[in-house]
Amino acid sequence: MITIDGKVVPFRPGQTVLEAATEAGIYIPTLCSHPHLPPFGACRLCLVQIENVRGLPPACTTPAADDMVVRTDTEDIQRLRRSILRLILSEHPNSCIVCGERELCEKYNVCPTKAGRVTGCNLCPAKERCELRRVADYLKVDDVGYLLDYHNYPLERDDPFFERDYNVCILCGRCVRVCEEIRGVGAIAFTKRGHGTKVGTSFGISHLDGGCQFCGACVDVCPTGALSARATKWHGKPEKKARTACTLCGVGCAIELQGRWDRVMDAIPHMDGPTNQGQGCVLGRFCIPPLFNSKDRLKYPLVRKEGSLVPVDWDEAIAEAAKGLKRYEPGDVDILVSPNVTNETARMLHRLSKDILGGARIELDSQFDSLALAASRSLTGCAGSTGELSAIDRADAVLVVGADICLTHPVLRVRLNRARARGAKIIWLGPTRDPNDRLVDILVPEANYLEVLAGTLKRLASSAKEGFDALSGSLDGFTGFKGAADISEALRGKRAVALVGRGIMPHRPKATLTALWDILVSTENTSGLLLLIEGNSQGICDAGIVGENDVRRDAKALYVTSSRAEMPEGAEFVVLQAPFSSKLVERADVVFPSLGLPEESGTTTSMDGHVQEVRPVSKGPGMALADAEIVSRLVAGLGGKKLDMTTAQLGPRPVRQPLSRLYPLGVLGPEPSASPAPASPNFYRGTDIAEKVADLTVYYRYRGVIP
Amino acid sequence: MRQVIGSGTPQDKAPWREAVARILSRHGNERGELIPILQNVQAELDYLHREALEEVARALRLSMHDVYGVATFYAQFRFSPPGRHKVRACLGTACHVRGGDDVMAALERRLGIRHGETTKDGEFSLERVACMGCCALAPVMVVGDEVSGRCTPSKVDEILARYGGGD
Ligand code: SF4
Ligand code: SF4
Ligand code: SF4
Ligand code: FES
Ligand code: FES
């Protein structure tokens, strides 16, 4: 127990005085400390008085101890804090902070005024969330006492996603620390010194050029208006908030959606996500509002009449779709499930195909994800990864195979960085566009990396006690590859994690997975994680839908919930259910407009098996309906009993079997006939996200991801 | 130390790359040796350019921006090639008191660059120094080896003109 301002409060070992106070609801002003960051102790605003301790130690760096007696607000402390804050404000536009008309101005001048340059809080995008203002209010600073020294730095607005005005920066260092210590990127640093100190890049190059990954972590920790998201900076206070799970990649980060005017206005990573722990990435942080507020949303049900699509009401569209589907034998109907729909929708689609349509084929529309899930199921009896992402936190070695994580699962870099900082070895097989390759200990960027992997596995197999003879025989001839010796040494007998991505696709993916699972993942303390590309592939697979091929060439009727699918030439009747307009609309006979991520309710499952709730923050456009609702209306239209979530219950997940090592192995290595992976790494309901989000296009073009 | 198997290491063997590699290995690729490494690199290359900093950062597994941040903290490092004529203005205590700032301002205006930079034609580079050891002559400026004392803005024009600059 510790006594703070006369209140006796509990604390956990390792907590600082600041953390103990915050948990007890006692406010101590801070500017440089942040819950995501290790203590720093630079701003000195959190100074407190501790009995029997000399001077005034900072609460954010002082560990709480039993019987400590702390005072946080004596007149001495406040006076000292006030003079520190005055110095900070002497280099920060402060007219609105000390203005005598402030009270009335706040009352009547409620919206922030869009301005190029910030000369006071009323012209600042951070007005509603500024921590500097809060501290100034708490300390009742009403005159600064120094002439304002305005730096007159040029505004930095040439990079995508966020803008920088270092004239309002207070040099708290949070952005620099989060970028280096948490993200492991180090795209910004303190440059120069003394009065000229400024946060920036080397030689003042752009963030694009300097290797920034536009994760937005710096924007979210900045206590002032120095850093702000371009698309949303002037939106003011949200009216609604909802915690949901992002489905723009397989990680399933917990995010907080913010809504206003019945739209999603912003999205920020949520502190307590099991897979992301407060961090996010360019997709979840910056792409959700522009994507879902895009003008290409489908708004009305459409039915083809005399060759052209016309808007109709829901009843007519459902009836039309039901009538069309009934014309075909079950064997002629294909249902293609988007990897972004909720678990509930997937289960209902499954029921629809089996019970209502009497055995129509149902497939997951994701090449790598369905292949990897099917292969892992045949290996272990249970489709999916053999462990959770948190295994990376305990690993001594992390093996990345065929995944350009900075593009497909950017947030995982945070865990990899943490592992590296702990001393784990990061081994990276495959090309990468990550400009910050200092994350990696051993890098094999060459196209023949799978042969290096085969050589590594052969060496591991030959040295294992049990007999891998049959298996390792097929790997003969690979041991000589340069690097195989070092890599197998780094993995042998270690607690390891293998992360496998879609880069293995053109290269006999099943053989690669089998060998990797059998030889490495089967060893004790080792997990194999499938880097599922898309939002809810795992959940859809758990609902009983997983296939190995795309749409059959000979399906006559199609019901698709994803716009990417190529249409078989022979399809006579097509029902499309999607949030976005696409080329596919031209081929559809019936179009159902559905809701998107910020409008959905239900659950989704992350690539490592966490089931999370999806909650809406806005209404969809026009007459769009939730996928589950559309499916259930269609079921009724087909004459079935109306389905709801409870009738779509799922049995228990199968138990994972020990690896059997019985699978025939092809030789690993390139297989030129397989179709290449699409250039763009991120899709939602079959729509290329970069196509809809202009800033993402800029970013990916610059990195050479898309032409 | 990071290991890259296959490609990844720069193919071009520019002489400066070899010099930097030599310096790095002499210091055992130690992060703690960053300052001496940068000093040696500057001694070899005359200034720290972007590729050189990238190389140092990569070898020490630091961020290039971090290395730049450290380097810009110290006045001794420069980031543009020195000009044919090195111009230095003293801003030591004595010179400061007697108008060194005015001399510096005049130089910056006349040359069209800020201190630490080099003119586009590569003729002049401008630096600030803290005391040249001839305080009696304050304020002092130096072009190449030529020391001029009791400088004023108009004298700056005169001196620069002799070197063919300043208009
Ligand atoms: S950063 Fe904060 S204190 Fe500064 S102008 Fe903006 S709202 Fe005001
Ligand atoms: S967006 Fe991310 S990578 Fe870029 S500077 Fe900010 S924290 Fe660093
Ligand atoms: S930009 Fe923001 S976070 Fe970074 S140092 Fe300045 S005030 Fe702090
Ligand atoms: S918050 Fe403690 S020193 Fe800044
Ligand atoms: S201060 Fe300028 S020469 Fe000494």
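The values are calculated or read from the model by the stated rules, or taken from the named source; none is laboratory data. This structure is a prediction, so every number in the text was calculated from the model and none was measured. Here the Cβ is made from the backbone with ideal geometry for all residues, glycine too, and neighbour counts use every protein chain on show. Just so you know, the surface numbers come from the protein's heavy atoms only, side chains and all, with ligands and any DNA or RNA stripped out. Shrake-Rupley method; radii C 1.70, N 1.55, O 1.52, S 1.80 Å.
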Looking at chain A, send over the antiparallel percent of its DSSP beta bridges, to the nearest 5. 50
Interface burial for A against B (accessible surface, 1.4 Å probe, total of both chains, Å², rounded to 100): 2200
For region A:202-267 and region A:85-158, what is the centre-to-centre distance using only Cα atoms, to the nearest Å? 22
Taking a ≥ b ≥ c as the square roots of the eigenvalues of the Cα gyration tensor of region A:6-96, is the shape rounded (a/c under 1.5), prolate (a/b larger than b/c) or oblate? prolate
Computed curve, region A:203-301, Cα-only Debye sum without solvent term, log₁₀ I(q)/I(0) at 0.20 Å⁻¹, is -1.09
Cα-based shape type of region A:495-625, given that a ≥ b ≥ c are square roots of the gyration tensor eigenvalues and the cut on a/c is 1.5: oblate
Simple spin-label model, 7 Å along Cα-to-Cβ: A:Arg129 to A:Val53 in nm? 3.1
Row for region B:13-73, column shape: gyration tensor on C-alpha, a ≥ b ≥ c, rounded if a/c < 1.5 i.e. under 1.5, prolate if a/b over b/c, else oblate; value rounded
Could you state the angle between the C-alpha long axis of helix B:64-73 and the longest principal axis of the C-alpha atoms of chain B, as a value from 0 to 90 degrees rounded to the nearest 10? 30
Regarding region A:256-406, what's the average projected area of the Cα-atom convex hull, expressed in nm²? 13.8
So, R0 is 22 Å and r is the distance between the beta-carbons of B:Val97 and B:Ala75; what FRET efficiency does that work out to, to 0.05? 0.65
Simple Cβ-charge dipole of region B:13-73, Lys/Arg +1 and Asp/Glu -1, about Cα centre, in debye nearest 20: 160
I want to verify the translational diffusion coefficient of region A:384-424 in µm²/s; compute it with Stokes-Einstein, Rh as the Kirkwood radius over Cα pairs, at 4 °C and 1.567 mPa s. 120
Fraction in percent of alpha-carbon pairs per bin - 10 Å, region A:555-633: 18, 41, 30, 11, 0
For region A:332-470, state the average projected area of the convex hull of the C-alpha atoms over all orientations, rounded to one decimal in nm². 11.9
Expressed as a whole number, the average count of other chain Cβ atoms within 10 Å around the Cβ atoms of B:55-67 is 6
One would report the Cα pair-distance distribution of chain B, bin width 5 Å, in %, as 2, 8, 16, 17, 15, 12, 10, 9, 6, 3, 2, 1, 0
For chain A, with equal point scatterers placed on the C-alpha atoms only and solvent neglected, what are the log10 I(q)/I(0) values from the Debye formula at q = 0.07, 0.08, 0.12 1/Å, to two decimals? -0.55, -0.71, -1.30
Along the charge dipole of chain A, which of A:Ser95, A:Phe203, A:Thr687 sits closest to the positive end, that is, farthest toward it, with unit charges on the beta carbon of Lys, Arg, Asp and Glu (+1, +1, -1, -1)? A:Ser95
Relative to the compact-globule scaling 2.2 N^0.38 Å, provide the ratio for the alpha-carbon radius of gyration of region B:85-161. 0.96
Which net charge results when you count Lys and Arg as +1 and Asp and Glu as -1 among the other residues whose beta-carbon is under 11 Å from that of A:Leu584? +2
Beyond 14 Å, what percent of the Cα pairs of region B:123-167 remain? 49
Per the helix-only model, chain A has a calculated mean residue ellipticity at 222 nm (DSSP H runs of ≥4, -39500 (n - 2.57) each, divided over all residues, rounded to the nearest 500) of -7000 deg cm²/dmol
Distance histogram for region A:1-41 (every C-alpha pair counted, 5 angstrom bins, percent rounded to whole numbers): 5, 22, 35, 21, 15, 3
Reference-scaled alpha-carbon Rg (2.2 N^0.38 Å with N residues) for region A:280-329: 1.74
Here the averaged projected area of region A:135-249, based on the convex hull of its alpha-carbon atoms and given in nm², is 10.0
Where the accessible area of the protein assembly as shown is counted over protein heavy atoms with a 1.4 Å probe, how much of it, in %, is carbon and sulfur? 51
